[in-house]
Amino acid sequence: GVCLSLGCAALKDRLPPPETMETGIRFQYEDPSAWRVELAGQFNEWKTFPDQKGIQMKKDDRGFWTAIIPYRENSKAGEPYVERGKRYQYKFVINGTSWIEDPNNPLKSTDAGISNSLIIVPENRGK
């Protein structure tokens, strides 16, 4: 839509915190100007590009970046996954250098004095 007033930012769709999908957890981040956004966390040993375990997020035409981390039973061999009922800390890595917490997720956890975003994977399907 076209914005006529300065109060425009409030009208933007806020992205949800990580969402429980059929096959895994969907993470989203908004940054139209970034050229690379990665998802790093305890589910992939905090690895980033060029490590094989690095998780590259995909950008759409609105500048929203998305990655889905599968549940263990939906994952392929060697692929990062999450287990039901477990907790994982994570961050988004912008352009390979800036590590930031998920601005849309209020849940946090601290590891060695560093604050990270936290996802608690639901126990059962569909809950």
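Among Gly24, Leu39, Ile55, whose Cα sits farthest toward the positive end of the charge dipole of the chain (+1 at Cβ of Lys/Arg, -1 at Cβ of Asp/Glu, about the Cα centre)?
After comparing all options, I get Gly24.
With contacts defined as alpha carbon pairs under 8 Å and 6 or more residues apart, what's the relative contact order of the chain in percent? Working shown, then result.
Working: 235 pairs, mean separation 31.4, N = 127.
The normalised contact order for the chain reaches 25 percent.
Using heavy-atom solvent-accessible surface (probe 1.4 Å) with all chains present, what is the largest-first order of Thr48, Thr97, Thr23?
On the way: Thr48 35, Thr97 105, Thr23 65 Å².
Greatest to least solvent exposure: Thr97, Thr23, Thr48.
What is the sum of charges, Lys and Arg at +1 and Asp and Glu at -1, for the other residues whose Cβ falls under 14 Å from the Cβ of Lys59?
Once all neighbours under 14 Å are counted, the net charge is -2.
Can you give the charge dipole size of the chain about its Cα centre, rounded to the nearest 20 debye, using +1 on the beta carbon of Lys and Arg and -1 on the beta carbon of Asp and Glu?
Details: 18 positive and 17 negative charges, 32 e Å.
Result for the chain is approximately 160 debye, rounded to the nearest 20.
Evaluate the charge dipole of the range 59-127 about its Cα centre and quote only its size in Debye, nearest 20, assuming +1 on the Cβ of each Lys and Arg and -1 on the Cβ of each Asp and Glu.
On the way: 11 positive and 9 negative charges, 38 e Å.
Computed charge dipole of the range 59-127: roughly 180 debye.
The values are calculated or read from the model by the stated rules, or taken from the named source; none is laboratory data. Because the structure is a prediction, the values reported are computed rather than measured. Note that each Cβ is placed from the backbone with ideal geometry, even for glycine, and that neighbours are counted across all protein chains shown. Surface areas here come from the heavy atoms of the whole protein model, side chains and all, with no ligands, DNA or RNA. Shrake-Rupley method; radii C 1.70, N 1.55, O 1.52, S 1.80 Å.
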